[in-house]
Amino acid sequence: MGLVCVVPGLVGVLVLVLCVRGFGSDVGDKDAHRAAVLRPGVVTYSAGRPHIVPRDVWARGDGEANGTARTPPVPRYDDKVVAVFVHHTDSPNTYDCADAPRIIRYLAAGQTGNRDWDDIGYNFLVDRCGTIYEGRAGGVDRPVTGAHTQGFNHRTAGIAALGTFTAGVPVPRAMTDAIAALAAWKLGLAGIDPRATVRLTSSNSLSRYPAGTTVRLPALAGHDDGYMTTCPGAALRARLPEIRQTAARLQGRP
């Protein structure tokens, strides 16, 4: 599929929508859902929402599931999401994708139990088959304040890749395509180019920057851009430039 073309002089609003049904190797072409909207003097870009498995799918199980997962706390919101942080979960990579809900329950139990958080910290989780799961409660289309990147949880969303992606570990294409599609949609809600940098203000001196410091960070960032960590792993970090380009293409950007 070529770039969206808009004829000069077109009056009104033109929206081109292509439905997304999955994440294959050609996600930027056949499976893209993107739109270029023309208003007088302004062109904005957005991407359609990819399929997101709702929270109750992973929270309803037994075993590691807990009351917090099934009955989440009252969510907190920001005004919008202007950046996403990509993480990895430091969990095994050899899981069957059908087992992803159990793995997410295990992660949620650890964060709400051992760490005493009020809910799972990540806004979204993506498995190696490219399936996207709703994480933190509050509504996938709303700017839910997460607990994923110390100092930079406001006006951001956390996307966690299920697995461990240190140097030399292959990162599945289905996973990176799904992260790109999710970031394209989420950032597009605020008109943000995934290749841009944005201004964020640190809320906690445990981050890379003292509390109150305003810095420019990538709109599609790695966890280590805001916090002293090796997350999201060297292998996944190396894929971020490609993910940014794919996300921008999904938004219909030149």
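Annotation note: of ASP116, ASP141, ASP79, the sole residue that is surrounded by fewer than 22 Cβ atoms within 10 Å (Cβ to Cβ), in a loop (DSSP other than H, G, I, E, B) and modelled with pLDDT under 95 is ASP116.
Quick check on my filter: what residues within the range 124-136 are in a loop (DSSP other than H, G, I, E, B) and open to solvent by less than 10 Å² (accessible area, probe 1.4 Å)?
ASP127, GLY130, GLY135
Take ARG105 and tell me if it is more than 16 Å from VAL81 (Cβ to Cβ) and out of contact with any Asp or Glu (no Cβ under 9 Å at 6 or more places or on another chain). No, not satisfied. SER91 fulfils the conditions (1) outside any loop (DSSP other than H, G, I, E, B); (2) farther than 19 Å from THR145 by Cα except for a single criterion, (1). Might you check whether a residue that is among the aromatic types (Phe, Trp, Tyr) and out of contact with any helix residue (DSSP H, G or I) (no Cβ under 6 Å at 6 or more places or on another chain) occurs anywhere in the range 182-190? Yes.
Within the range 162-185, being open to solvent by less than 10 Å² (accessible area, probe 1.4 Å) and either over 12 Å from the mean Cα position of the chain (by Cα) or farther than 16 Å from PRO241 by Cα (or both) holds for LEU162, GLY163, PHE165.
Of the residues making up the range 167-213, those that are in contact with a Pro (Cβ under 9 Å, 6 or more places away or on another chain) and of a type in the set (Val, Ile, Thr) are THR197, VAL198. Here THR197 meets each of (1) among the polar types (S, T, N, Q); (2) over 17 Å from the mean Cα position of the chain (by Cα); (3) open to solvent by 30 Å² or more (accessible area, probe 1.4 Å) with one exception, condition (2).
The values are calculated or read from the model by the stated rules, or taken from the named source; none is laboratory data. All values reported here derive from a predicted model rather than from experimental measurement. Don't worry about glycine lacking a Cβ; one is built from the backbone with ideal geometry, like all the others, and counts go over all protein chains shown. Keep in mind that these areas ignore ligands, DNA and RNA; they rest on the heavy atoms of the full protein, side chains included. Shrake-Rupley method; radii C 1.70, N 1.55, O 1.52, S 1.80 Å.
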